[in-house]
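Worksheet: one structure, shown below.
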Amino acid sequence: MYDIESALTLWLSDRMRRVLHIQSGILDFSREFLKQKEFVEILPVVISPITDPLTDHRIRGEVECYGFRYQITKSMIFHKQLSLYSLPRLYTFSPNVRIEASECRFSGKHLIEFVQLDLEVKDARREDLLNLGEELFVHILTRVKADFAAELKFFRRDLKIPSIPFRRITYSEAVESYGLDYDNKLSVSIDEPLWLLDFPEENREFYDRENPDRPGILIDMDLIYPEGYGEALSGGEREFEYEKIKRRIMRKGIDFKSYEIYLLFAQKGLLPSAGFGIGIERLTRYICGIQQIAETRMFAKLPGVLSL
C-alpha cells in the first residue's frame, strides 16, 4: 500500500522546500560552470536498445515498443561516446533506473531512480577529468555556501570547501587498509573528498579503459565524499578500439548480441575520451547533511518500496 500520509508530511515540510531550493541551485551552478568550460548540454535518453551493463548485466528493466525491446537507461555512457561525433565536450542530466536489492533501502544512499550529471570529453585523459571534477565540485560548494546560507544554517551544515588537489589513493591501498568492504570505512575516515584510482578489471565495466602498461588495471576513478557519505562520482577513460572492446565483453561473459549496435559503431571507429557521472541526489544529501536519500527529491523511489 502506498503511504500517502508520509509523502504529504514530507512534501509539505519546510525541510523539503529548502532541499529543493538547494538542489535547484546545484543544477544551476553545474550548468554555469560547464558553460564556462565550453560544454554543450544534450537531452537525456530514457529508453534504448543498449545501456550500461553495470555490475550485473542480467538485470534489465525493459519495455516493448513496436515489437522492439528497449531497456530503461541505467546510464548514458554509450550515448555520450557516440555524441562525441558531433560535440567535443558535452553533458546531460540523465535520469537513470537501477534495480538495486531490496535491502539497499536501509543504506540511506540508494534509489532505484536518480538523476546523474553525466559528461564526456573527447581526447581527454583521466588526469584531465580529475582536475575538472575537483573544479566542478569546489565551484558548486562555493556557490551553494554563498547563495544558500540560510538553508545551510537551517540544516546546521557547516559546509567545508575542500582544497585542491584532492588526495588520491589506489583501490589496492583502500582494500589493504579497510578490507574489501572499504566503502563506508574509507568515507568515514576522511574529512575532505578523496580520489580512489586504479580499479581491477573485474570490478568495473567493459567500457573502462585498461591501462596498457598494467594489464588488468583500469584507468578510472571514483570520488569519495567525507563524513561517511560514500561515493560521489565515478568515471575514467574509455575503451575505444574495436578488438579491445570485444575482448572485454567476452571476458565479462556478456552476449555480443546485447551490444550489437554499439559494436557496429565501434567497428566504424569510436573516439578516445574520458568522462564521469555524479549523482545529483547524493550530492544534495552531502551538501545538506541529510542521512536519508529519500528526503533529497520529490517522488523518491527506494529499493523494494512502492513509490509514486
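The values are calculated or read from the model by the stated rules, or taken from the named source; none is laboratory data. Given the structure is predicted, the values throughout are model-derived calculations rather than measurements. Methodologically, a virtual Cβ is constructed for each residue, glycine included, from the backbone with ideal geometry; neighbour enumeration extends over all protein chains shown. These accessible areas exclude ligands, DNA and RNA; they are computed on the full protein's heavy atoms, side chains included. Shrake-Rupley method; radii C 1.70, N 1.55, O 1.52, S 1.80 Å.
Within region 250-262, track down each residue that is in contact with a Phe, Trp or Tyr (Cβ under 7 Å, 6 or more places away or on another chain) and modelled with pLDDT of 95 or more. Listed by number, the list holds a single entry, 262. Checking each residue in region 185-208 for being in a loop (DSSP other than H, G, I, E, B), within 30 Å of residue 241 (Cα to Cα) and touching a residue at least 40 places away in the same chain (Cβ under 8 Å) picks out 205, 206, 207.
Selection of region 81-100 for residues being touching a Gly at 6+ places or on another chain (Cβ under 9 Å) and either at positive phi or open to solvent by 30 Å² or more (accessible area, probe 1.4 Å) (or both) yields 97, 98, 99, 100. Of all residues in region 78-120, exactly one satisfies the criterion of being β-branched (Val, Ile, Thr) and touching a Phe, Trp or Tyr at 6+ places or on another chain (Cβ under 6 Å), namely 115. In region 8-19, the count of residues that are open to solvent by less than 10 Å² (accessible area, probe 1.4 Å), out of contact with any Ser or Thr (no Cβ under 6 Å at 6 or more places or on another chain) and not in a helix (DSSP H, G or I) is zero. Scanning region 156-184 for residues that are surrounded by fewer than 18 Cβ atoms within 10 Å (Cβ to Cβ), closer than 21 Å to residue 15 by Cβ and touching a residue at least 12 places away in the same chain (Cβ under 8 Å) yields 156, 159. Does any residue of region 282-291 turn out to be without any contact (Cβ under 8 Å) to a residue 60 or more places away in the chain and surrounded by 21 or more Cβ atoms within 10 Å (Cβ to Cβ)? No, there is no match, as no residue in region 282-291 is without any contact (Cβ under 8 Å) to a residue 60 or more places away in the chain and surrounded by 21 or more Cβ atoms within 10 Å (Cβ to Cβ). There is at least one residue in region 101-111 that is surrounded by 15 or more Cβ atoms within 10 Å (Cβ to Cβ) and part of a helix (DSSP H, G or I).
Residues that are over 16 Å from residue 234 (Cβ atoms), touching a strand residue (DSSP E or B) at 6+ places or on another chain (Cβ under 8 Å) and aliphatic (A, V, I, L, M) within region 72-129 comprise 72, 84, 87, 90, 97, 112, listed in sequence order. Would a scan of region 9-23 turn up a residue that is modelled with pLDDT of 95 or more and under 30 Å from residue 270 (Cα atoms)? Among the residues of region 9-23, not one is modelled with pLDDT of 95 or more and under 30 Å from residue 270 (Cα atoms), which makes the answer no. All told, residue 53 falls short of being under 30 Å from residue 147 (Cβ atoms), under 16 Å from the mean Cα position of the chain (by Cα), outside any helix (DSSP H, G or I) and not polar (S, T, N, Q).
Does residue 214 satisfy the condition of being basic (Lys, Arg), exposed (fewer than 15 other Cβ atoms within 10 Å of the Cβ) and either free of Cβ contacts under 8 Å to residues at least 40 places away in the same chain or in contact with a His (Cβ under 8 Å, 6 or more places away or on another chain) (or both)? Outline the logic, then answer.
On the way: basic (Lys, Arg): yes; exposed (fewer than 15 other Cβ atoms within 10 Å of the Cβ): yes; either free of Cβ contacts under 8 Å to residues at least 40 places away in the same chain or in contact with a His (Cβ under 8 Å, 6 or more places away or on another chain) (or both): yes.
Criteria met by residue 214.
Do we find a residue being under 22 Å from residue 83 (Cβ atoms), part of a helix (DSSP H, G or I) and under 22 Å from the mean Cα position of the chain (by Cα) anywhere in region 267-290? Yes, that holds for at least one residue. The set of residues in region 28-43 that are in a helix (DSSP H, G or I) and surrounded by 15 or more Cβ atoms within 10 Å (Cβ to Cβ) comprises 29, 30, 31, 33, 34.
Only one of these is of a type in the set (Val, Ile, Thr) and outside any helix (DSSP H, G or I): 144, 115. Name it. Give the derivation first.
Numbers: 144 fails: outside any helix (DSSP H, G or I).
Only one candidate qualifies: 115.
On the stretch given as region 239-249, residues that are open to solvent by 10 Å² or more (accessible area, probe 1.4 Å) and either basic (Lys, Arg) or touching a Phe, Trp or Tyr at 6+ places or on another chain (Cβ under 8 Å) (or both) total 3.
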